[in-house]
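Novice: Supplied in C-alpha coordinates, the structure appears directly below.
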Amino acid sequence: MRQQLVETLVNKGIMDEAVLKAIGKIPRHLFMDSGFIDHAYVDKAFPIAADQTISQPYTVAFQSELLQVKPDDKVLEIGTGSGYQCAVLIELGAKVYSIERQQELFKKTSKFLPKIGYRAKKLIFGDGYKGLPEEAPYDSIIVTAGAPFVPKPLLGQLKVDGRLVIPVGEDVQVMTLFIRKGPKEFEKHELGEFRFVPLLEDKN
Ligand code: SAH
(Lines give C-alpha, C1' and ligand atoms only; values in the text may rest on other atoms or scores of the structure.)
Protein backbone atom coordinates (compact mmCIF):
# COMPACT_ATOMS: atom_id res chain seq x y z
CA MET A 1 0.00 0.00 0.00
CA ARG A 2 2.89 2.29 0.81
CA GLN A 3 4.46 1.65 -2.60
CA GLN A 4 1.14 2.48 -4.25
CA LEU A 5 1.07 5.76 -2.38
CA VAL A 6 4.61 6.49 -3.64
CA GLU A 7 3.46 5.80 -7.21
CA THR A 8 0.52 8.16 -6.74
CA LEU A 9 2.95 10.88 -5.61
CA VAL A 10 5.22 10.25 -8.62
CA ASN A 11 2.17 10.57 -10.89
CA LYS A 12 1.34 13.87 -9.21
CA GLY A 13 4.82 15.19 -10.00
CA ILE A 14 7.00 14.47 -6.95
CA MET A 15 10.51 13.66 -8.21
CA ASP A 16 12.88 13.85 -5.23
CA GLU A 17 14.10 10.27 -4.73
CA ALA A 18 15.03 10.77 -1.08
CA VAL A 19 11.56 12.16 -0.27
CA LEU A 20 9.85 9.29 -2.09
CA LYS A 21 12.05 6.79 -0.29
CA ALA A 22 11.17 8.31 3.09
CA ILE A 23 7.43 8.15 2.36
CA GLY A 24 7.89 4.58 1.11
CA LYS A 25 9.44 3.65 4.42
CA ILE A 26 7.51 5.49 7.18
CA PRO A 27 4.52 3.58 8.66
CA ARG A 28 1.96 6.42 8.30
CA HIS A 29 -0.80 4.24 9.81
CA LEU A 30 0.94 4.43 13.19
CA PHE A 31 0.61 8.24 13.18
CA MET A 32 -3.17 8.08 12.89
CA ASP A 33 -5.97 7.31 15.31
CA SER A 34 -7.29 3.79 14.96
CA GLY A 35 -10.54 4.87 13.28
CA PHE A 36 -8.61 6.09 10.24
CA ILE A 37 -5.94 3.42 9.91
CA ASP A 38 -7.63 1.86 6.86
CA HIS A 39 -7.10 5.16 5.04
CA ALA A 40 -3.46 5.68 6.01
CA TYR A 41 -2.08 5.13 2.50
CA VAL A 42 -4.66 7.17 0.65
CA ASP A 43 -3.38 10.58 -0.47
CA LYS A 44 -5.56 12.55 1.94
CA ALA A 45 -5.33 14.57 5.14
CA PHE A 46 -7.03 13.05 8.22
CA PRO A 47 -8.06 14.27 11.67
CA ILE A 48 -5.65 13.74 14.58
CA ALA A 49 -6.11 14.90 18.19
CA ALA A 50 -7.02 18.47 19.24
CA ASP A 51 -8.97 19.21 16.02
CA GLN A 52 -5.81 19.15 13.94
CA THR A 53 -4.89 17.10 10.87
CA ILE A 54 -2.08 14.94 9.59
CA SER A 55 -1.26 16.63 6.27
CA GLN A 56 -1.98 14.98 2.92
CA PRO A 57 1.05 12.92 1.78
CA TYR A 58 1.28 14.97 -1.44
CA THR A 59 1.55 18.16 0.62
CA VAL A 60 4.21 16.63 2.87
CA ALA A 61 6.15 15.48 -0.21
CA PHE A 62 5.76 18.84 -1.98
CA GLN A 63 6.96 20.84 1.02
CA SER A 64 9.80 18.39 1.74
CA GLU A 65 10.99 18.61 -1.86
CA LEU A 66 11.05 22.42 -1.70
CA LEU A 67 13.25 22.34 1.41
CA GLN A 68 16.05 20.49 -0.46
CA VAL A 69 17.26 18.90 2.78
CA LYS A 70 20.84 17.64 2.85
CA PRO A 71 22.08 15.20 5.51
CA ASP A 72 22.92 17.03 8.77
CA ASP A 73 20.94 20.14 7.82
CA LYS A 74 19.44 21.94 10.78
CA VAL A 75 15.69 22.18 10.13
CA LEU A 76 12.98 23.95 12.13
CA GLU A 77 9.39 22.74 11.80
CA ILE A 78 6.42 24.79 12.99
CA GLY A 79 3.45 22.51 13.80
CA THR A 80 4.69 19.08 14.97
CA GLY A 81 1.15 17.64 14.92
CA SER A 82 1.26 13.86 14.51
CA GLY A 83 5.04 13.93 13.91
CA TYR A 84 4.75 12.49 10.39
CA GLN A 85 6.43 15.41 8.63
CA CYS A 86 9.07 15.39 11.35
CA ALA A 87 9.77 11.70 10.62
CA VAL A 88 10.15 12.48 6.91
CA LEU A 89 12.72 15.18 7.75
CA ILE A 90 14.61 12.78 10.04
CA GLU A 91 14.65 10.16 7.25
CA LEU A 92 16.17 12.84 4.99
CA GLY A 93 19.01 13.14 7.50
CA ALA A 94 18.00 16.45 9.07
CA LYS A 95 18.55 17.51 12.65
CA VAL A 96 15.00 18.52 13.44
CA TYR A 97 13.66 21.09 15.92
CA SER A 98 9.88 21.14 15.94
CA ILE A 99 7.39 23.37 17.76
CA GLU A 100 3.76 22.53 18.63
CA ARG A 101 1.33 24.83 20.42
CA GLN A 102 -1.28 22.22 21.42
CA GLN A 103 -0.14 20.59 24.62
CA GLU A 104 -2.08 17.39 23.98
CA LEU A 105 -0.34 16.83 20.64
CA PHE A 106 3.03 17.89 22.00
CA LYS A 107 2.81 15.28 24.77
CA LYS A 108 1.46 12.51 22.58
CA THR A 109 3.97 13.00 19.76
CA SER A 110 6.95 13.50 22.12
CA LYS A 111 6.29 10.01 23.48
CA PHE A 112 5.38 8.39 20.19
CA LEU A 113 8.22 9.44 17.86
CA PRO A 114 11.12 7.94 19.85
CA LYS A 115 9.04 4.82 20.43
CA ILE A 116 9.13 4.09 16.70
CA GLY A 117 12.77 5.14 16.37
CA TYR A 118 12.50 8.78 15.25
CA ARG A 119 14.59 11.11 17.35
CA ALA A 120 14.20 14.83 16.78
CA LYS A 121 16.93 17.08 18.22
CA LYS A 122 14.24 18.91 20.19
CA LEU A 123 10.43 18.93 20.36
CA ILE A 124 9.16 22.14 21.89
CA PHE A 125 5.80 23.13 23.35
CA GLY A 126 5.36 26.75 22.32
CA ASP A 127 4.40 29.35 19.76
CA GLY A 128 5.87 28.90 16.31
CA TYR A 129 5.33 32.54 15.30
CA LYS A 130 8.50 33.35 17.21
CA GLY A 131 10.55 30.54 15.70
CA LEU A 132 13.28 29.18 17.95
CA PRO A 133 15.96 31.89 18.18
CA GLU A 134 18.19 30.02 20.65
CA GLU A 135 19.01 27.34 18.06
CA ALA A 136 19.10 29.64 14.98
CA PRO A 137 20.26 29.91 12.23
CA TYR A 138 18.62 27.07 10.27
CA ASP A 139 19.30 25.59 6.85
CA SER A 140 15.57 25.51 6.38
CA ILE A 141 12.26 26.19 8.10
CA ILE A 142 8.93 24.51 7.27
CA VAL A 143 5.55 25.76 8.45
CA THR A 144 2.84 23.07 8.38
CA ALA A 145 -0.19 25.26 9.19
CA GLY A 146 -1.73 28.09 7.17
CA ALA A 147 -0.12 31.39 8.14
CA PRO A 148 -2.21 34.57 7.73
CA PHE A 149 1.10 36.44 7.21
CA VAL A 150 4.80 35.58 7.11
CA PRO A 151 6.22 35.81 10.65
CA LYS A 152 9.33 38.06 10.45
CA PRO A 153 11.31 36.07 13.05
CA LEU A 154 11.26 33.01 10.78
CA LEU A 155 12.94 34.88 7.91
CA GLY A 156 15.51 36.25 10.35
CA GLN A 157 16.41 32.76 11.63
CA LEU A 158 17.50 31.44 8.21
CA LYS A 159 21.12 30.99 7.18
CA VAL A 160 22.19 32.71 3.97
CA ASP A 161 20.94 30.40 1.17
CA GLY A 162 18.47 28.98 3.72
CA ARG A 163 14.89 28.21 2.66
CA LEU A 164 11.55 28.95 4.33
CA VAL A 165 8.56 26.97 3.02
CA ILE A 166 5.29 28.43 4.29
CA PRO A 167 1.64 28.26 3.17
CA VAL A 168 0.37 31.85 3.32
CA GLY A 169 -3.28 32.90 3.39
CA GLU A 170 -6.51 32.79 5.37
CA ASP A 171 -9.01 30.37 3.75
CA VAL A 172 -6.78 29.09 0.98
CA GLN A 173 -3.00 29.27 1.23
CA VAL A 174 -0.38 29.91 -1.42
CA MET A 175 2.67 27.70 -0.89
CA THR A 176 5.50 30.20 -0.68
CA LEU A 177 9.26 29.58 -0.78
CA PHE A 178 11.65 32.25 0.47
CA ILE A 179 15.39 31.84 -0.15
CA ARG A 180 17.68 34.07 1.87
CA LYS A 181 20.19 35.73 -0.43
CA GLY A 182 21.83 38.07 2.06
CA PRO A 183 21.24 39.73 5.43
CA LYS A 184 18.18 41.54 4.08
CA GLU A 185 17.68 39.97 0.65
CA PHE A 186 15.08 37.27 0.06
CA GLU A 187 13.94 35.63 -3.14
CA LYS A 188 10.23 34.73 -3.16
CA HIS A 189 8.51 32.01 -5.19
CA GLU A 190 4.77 31.22 -5.14
CA LEU A 191 3.94 27.60 -5.90
CA GLY A 192 0.22 26.96 -6.02
CA GLU A 193 -2.73 26.74 -3.67
CA PHE A 194 -3.17 24.39 -0.71
CA ARG A 195 -5.48 24.13 2.30
CA PHE A 196 -4.12 23.87 5.84
CA VAL A 197 -5.48 24.17 9.37
CA PRO A 198 -4.66 27.70 10.61
CA LEU A 199 -1.43 28.72 12.29
CA LEU A 200 -2.88 30.08 15.52
CA GLU A 201 -1.52 33.12 17.29
CA ASP A 202 -0.75 32.86 20.96
CA LYS A 203 -3.38 34.90 22.77
CA ASN A 204 -1.65 34.61 26.14
N1 SAH B 1 3.30 18.52 10.52
C2 SAH B 1 2.06 17.95 11.05
C3 SAH B 1 0.86 18.73 10.54
C4 SAH B 1 -0.08 19.04 11.63
S5 SAH B 1 -1.32 20.25 11.26
C6 SAH B 1 1.96 16.48 10.73
O7 SAH B 1 2.78 15.96 9.95
O8 SAH B 1 1.08 15.81 11.28
C9 SAH B 1 -0.57 21.74 11.87
C10 SAH B 1 -0.13 21.77 13.30
O11 SAH B 1 0.31 23.11 13.60
C12 SAH B 1 -1.19 21.44 14.32
O13 SAH B 1 -0.76 20.39 15.13
C14 SAH B 1 -1.36 22.74 15.12
O15 SAH B 1 -1.67 22.52 16.49
C16 SAH B 1 0.00 23.38 14.95
N17 SAH B 1 0.04 24.84 15.18
C18 SAH B 1 -0.91 25.75 14.89
N19 SAH B 1 -0.50 26.99 15.25
C20 SAH B 1 0.74 26.85 15.78
C21 SAH B 1 1.70 27.77 16.33
N22 SAH B 1 1.46 29.09 16.42
N23 SAH B 1 2.88 27.26 16.78
C24 SAH B 1 3.15 25.93 16.69
N25 SAH B 1 2.28 25.03 16.18
C26 SAH B 1 1.10 25.47 15.73
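The values are calculated or read from the model by the stated rules, or taken from the named source; none is laboratory data. Remember, predicted model here, so these are calculated numbers, not experimental data. So basically every Cβ, Gly included, is an ideal-geometry build from the backbone, and we count neighbours across all protein chains shown. Only protein heavy atoms, including side chains, enter the accessible area calculation; ligands, DNA and RNA are left aside. Shrake-Rupley method; radii C 1.70, N 1.55, O 1.52, S 1.80 Å.
Novice: Mind checking the per residue accessible area of the chain for me, 1.4 Å probe, whole number of Å²?
Specialist: It amounts to 49 Å² per residue over the chain.
Novice: 5 Å is the cut-off here: which amide hydrogens, built 1.01 Å from N in the peptide plane, fall below it relative to residue 158, excluding neighbours closer than 5 in sequence?
Specialist: The answer is 138.
Novice: Also, I was wondering about something else. Zone of residue 107 (label point 7 Å along Cα→Cβ, backbone N under 16 Å): which residues in the range 49-77?
Specialist: 49-51
Novice: Shifting gears a bit: At what distance in angstrom do the alpha carbon centres of the range 100-154 and the range 47-78 lie from each other?
Specialist: 11
Novice: Something else about it: Compactness ratio of the range 91-204: Cα Rg over 2.2 N^0.38 Å, N = residue count?
Specialist: 1.09
Novice: With θ set to phi - 60° and the Karplus curve 6.51 cos²θ - 1.76 cosθ + 1.60, what are the ³J(HN,Hα) couplings of the range 106-123 in order, to the nearest whole Hz, using x for Gly and Pro?
Specialist: Running phi through 6.51 cos²θ - 1.76 cosθ + 1.60 with θ = phi - 60° gives 4, 5, 4, 6, 4, 7, 6, 4, x, 4, 9, x, 9, 10, 6, 5, 7, 10 Hz.
Novice: Quick check: from the Cα gyration tensor, does the range 1-100 come out rounded (a/c under 1.5), prolate or oblate?
Specialist: Here the range 1-100 falls in the oblate category.
Novice: Please compute the contact order of the chain in relative form: average sequence separation of alpha-carbon pairs under 8 Å and at least six residues apart, divided by the residue count, as a percent.
Specialist: 15
Novice: A further question on this structure: Extension gain residue 201-residue 188, at 0.36 nm per residue separation less the Cα-Cα distance, in nm?
Specialist: Length gained, residue 201 through residue 188: 2.3 nm.
Novice: Out of residues 5 or more away from residue 77 or on other chains, whose amide H comes under 5 Å of its own, with H placed 1.01 Å from N in the peptide plane?
Specialist: Here 97, 98, 99, 142 satisfy the definition.
Novice: State which stretch of the chain is the longest one without any exposed GluC sites (Glu not before Pro), exposure meaning a DSSP loop state and at most 14 other Cβ atoms within 10 Å.
Specialist: It works out to 1-169.
Novice: State the percentage of accessible surface on the range 1-151 attributable to carbon and sulfur atoms; use a 1.4 Å probe and exclude ligands, DNA and RNA.
Specialist: Result for the range 1-151: 52 percent of the exposed heavy-atom area is carbon or sulfur.
Novice: So what is the 222 nm mean residue ellipticity for the chain from helices alone, if each DSSP H run of at least 4 adds -39500 (n - 2.57) and you divide by all residues, rounding to the nearest 500 deg cm²/dmol?
Specialist: It comes out at -8000 deg cm²/dmol, rounded to the nearest 500.
Novice: Still on this model: Under the classification rounded if a/c is under 1.5, otherwise prolate if a/b is larger than b/c and oblate if not, where does the chain fall, given a ≥ b ≥ c as square roots of the Cα gyration tensor eigenvalues?
Specialist: Rounded, since a/c falls under 1.5.
Novice: Subtract the Cα-Cα distance of residue 30 and residue 130 from 0.36 nm times their separation in residues, and report this length gain in nm to one decimal.
Specialist: Taking residue 30 through residue 130 to full extension adds about 33.0 nm, to one decimal.
Novice: Rounding to the nearest 20 debye, state how big the charge dipole of the chain is about its Cα centre with +1 on each Lys and Arg Cβ and -1 on each Asp and Glu Cβ.
Specialist: Here the chain has a charge dipole of around 580 debye.
Novice: For the range 42-126, what number results from the quotient of the Cα radius of gyration and 2.2 N^0.38 Å?
Specialist: 1.02
Novice: Taking H as built 1.01 Å from N, whose amide H comes closer than 5 Å to the amide H of residue 45, not counting residues under 5 places away?
Specialist: 56
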